[in-house]
Each structure stands twice: as C-alpha cells, then as structure tokens.
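Taking it in order: structure first as structure tokens, then the write-up.
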C-alpha cells in the first residue's frame, strides 16, 4: 500500500465514529427513497385504475344516454301508435254506424219495393186492355204504363245502390280493421322493444353504479398513496436535514480530505465510464443547469482521485451509502432507458479534464451547509 493510502486509512480510522453515523443516515435516506419509489409505483398503478374506471364510466354514460334516447324514441312511437289506433277505432266506429245506416236503408228500400210489388200484384187484375179503355187518351195510357216501369226501375236501382254502398262500407270497415290490427301489432312490437331497452337501461345503470364505486375506491386509494408519499417525502426531507447537519458537524474532516494533493493522480477512463458517469449525472442533476451537471461529474472524479474513496468511476458510484439513485434503482433504470445528450457531454468533458471544483460532496441546498451553490445543490 502506498504512503498516501496509509495516511488516508489512519485518518479514516480517526473519523470512524462520525462516518458510521453518516452511513446510517444515508442508509435511512436510501431506504426511504426505495419506499417512496415503491409507493409511487403503486400510485401510478392506482392512477391507471382510475383512468380505466373513468373511461368505463364515460363509455357507460354514453351507452346510457343512447339507451335513454332510444327509449324516448320508442315511447314517442308507442304514443303515436296509440293515437293512430284510437283514430282507427274511431273510424271503425263511424264505418259501423254508416254500415248500420246503409243496411237499414237497404232493408227499408227492400221492404218498400216489396210493398210496391205487392200492391201492383194485387191490382194486376186490371189488364192492359182495360187500362187502354179506361185511359182518356193514348198519352195517358202510355204515361200509366211508363210510370209503372219507372217505379220498377227505380226500385231496382236503389236496391242495387244500397247494396253497393253496403259492400263499400263493409270493405272500408275490413280495411280499417286490418290497419288497426297492423298498428296493434306494431304497438306490441314497440312494447317489447321498450321492455328490452328498459332492461338494458337497468343493467347499464347497475354497471355504472358498480364502476362508479370502483372509481371512488380507486380515487381513494390514489389519495391515500399520495398522503403516504407526502409523509415519506417529508421524512426524507428530515433525513436530508439530519445528514446535512452530520456533514456540517464533520465539515472539518471533509475539508481535510479535500486538502489531499491529488494532482499527481492520473485516471485513465474505461470505455464504459462516460456512459455510467452520464447516467449518475442525469439521476442527480436532471433539470439542473449545465454547470451543475459538470459539478456533479467533477465530484465523482474528485473521489476517484482521492485516497478516501474507491479509485474507479464504477467503484465510487456504487460505493455503499453514497449515491441514492443506486439504492433506489433509478440509476439502473437510467442505464437501461438511455442517457440524454447533455449529461453524456458533461461526463465526457469531466473525463477529458474539465473538473470545475475540488469538492468531494454535494447535496440539495437547505441552507445548513456553506459551500458553492449551483442551482438547487450545494457543493462542499
């Protein structure tokens, strides 16, 4: 072991108690972050359920609206059919009255005709010669015979007319009754459709009530998870404050670490270092200015060169209790999902020698630790 490493080991032993407390707090922070991530996953799943139930409710409400529209249309048709049937019944009643009147007229005409025939038969003893002899003139004779013929013809015409009228009215009545029967059949069909739509409406409303209850439960679950996440985030904030206080308490030791001369230490990056460093930069400083990304990368490289930390990029990043994204799984996700161009560029610049600070630590700035503030971080 080199002399520099031996001195560093001795200093680390002196600071052991403080480091142990520091690691314990960091472990608590990492565990809290893991719980927050797990709760967030549950919340995302619960929100997906809310969206699914909301879509189901929207679809059911659309179905219910459509069914109510169909029901309204069917009821309107039924009412219209009832009106038409009533009109047909009224027409049939009128036709029956007309038919009865025609039958009565026909019967009366028949009776009158029989009486006239009977009268003429009973007086048929007057022969044509007698009528001729009794007539004062040929004209009177012809008028008398013509009168008898006209009466006979009139009786036949009226009887035929009344019989034809009777037949017309009977046909009209049959037609009206047929129309009424068709309307009644249509009404029965509409009633069956109405019953079917009523059943669908009841079932749809029942489904809507059930989905509404599931949606309310899912929304309640989301709210409960949000409350849990809020409590965990507040707990994490308190742990971050505690860790900041611990760092402030051991700031002298940290500054002593940073006094180490690392100018002669040369680190040759591996092929995978730039991508790994870019991933941790994105996890720790996404949304921060480019200067803040360079600062985070510089801290990692400063640790690599320090004897108090592992001497590789991967060793520093995966050192237990140091970087929260490692413990929470966010780093693994970022490595799989890909690193954005700005973070990769910042990583490559740092590895190429653009180290912008000599700090070994950074954290979210909460005003407890004095140092170089960039964006939302303080570097110390």
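The values are calculated or read from the model by the stated rules, or taken from the named source; none is laboratory data. Note that the coordinates shown come from a computational prediction; the quantities given were computed from them, not determined experimentally. Virtual Cβ from ideal backbone geometry, glycine too; neighbours counted across all protein chains shown.
Things to note:
- Boolean, residue 276 is within 46 Å of the chain's Cα centre (by Cα), farther than 19 Å from residue 378 by Cβ and buried (at least 19 other Cβ atoms within 10 Å of the Cβ): yes
- Entry remark, the stretch 309-341: residues being over 19 Å from residue 27 (Cβ atoms) and either more than 38 Å from the chain's Cα centre (by Cα) or surrounded by 20 or more Cβ atoms within 10 Å (Cβ to Cβ) (or both) number 6 in total.
- For the stretch 356-380, a residue qualifies if it is under 44 Å from the mean Cα position of the chain (by Cα) and assigned to a loop (DSSP other than H, G, I, E, B), and the qualifying residues are 365, 366, 375, 376.
- Of all residues in the stretch 82-95, those being modelled with pLDDT of 80 or more and either closer than 14 Å to residue 163 by Cβ or touching a helix residue (DSSP H, G or I) at 6+ places or on another chain (Cβ under 8 Å) (or both) number 7.
- Helices (runs of 4 or more DSSP H) completely within the stretch 233-328 that count 3 or more residues being in contact with a strand residue (DSSP E or B) (Cβ under 8 Å, 6 or more places away or on another chain) and modelled with pLDDT of 95 or more: 290-305
Yes/no matrix, rows are residues, columns are (1) assigned to a helix (DSSP H, G or I); (2) surrounded by 17 or more Cβ atoms within 10 Å (Cβ to Cβ); (3) under 38 Å from the mean Cα position of the chain (by Cα); (4) modelled with pLDDT of 85 or more:
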{"site": "13", "(1), (2), (3), (4)": "yes, no, no, no"}
{"site": "24", "(1), (2), (3), (4)": "yes, no, no, no"}
{"site": "33", "(1), (2), (3), (4)": "yes, yes, yes, no"}
{"site": "53", "(1), (2), (3), (4)": "yes, yes, yes, yes"}
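- Any hit, the stretch 189-207, residues being more than 30 Å from residue 80 (Cα to Cα), modelled with pLDDT under 90 and either out of contact with any strand residue (DSSP E or B) (no Cβ under 6 Å at 6 or more places or on another chain) or assigned to a helix (DSSP H, G or I) (or both): no
- Close Cβ contacts (under 7 Å, 6 or more residues apart or on different chains) running from residues in the stretch 289-307 that are assigned by TED's automatic domain parsing to the domain that holds residue 278 and farther than 15 Å from residue 375 by Cα to residues that are part of a helix (DSSP H, G or I) and at pLDDT below 95 comprise 306/257; 307/4; 307/5; 307/8.
- Residue 215 being over 30 Å from residue 360 (Cα atoms), assigned to a helix (DSSP H, G or I) and at pLDDT below 90: no
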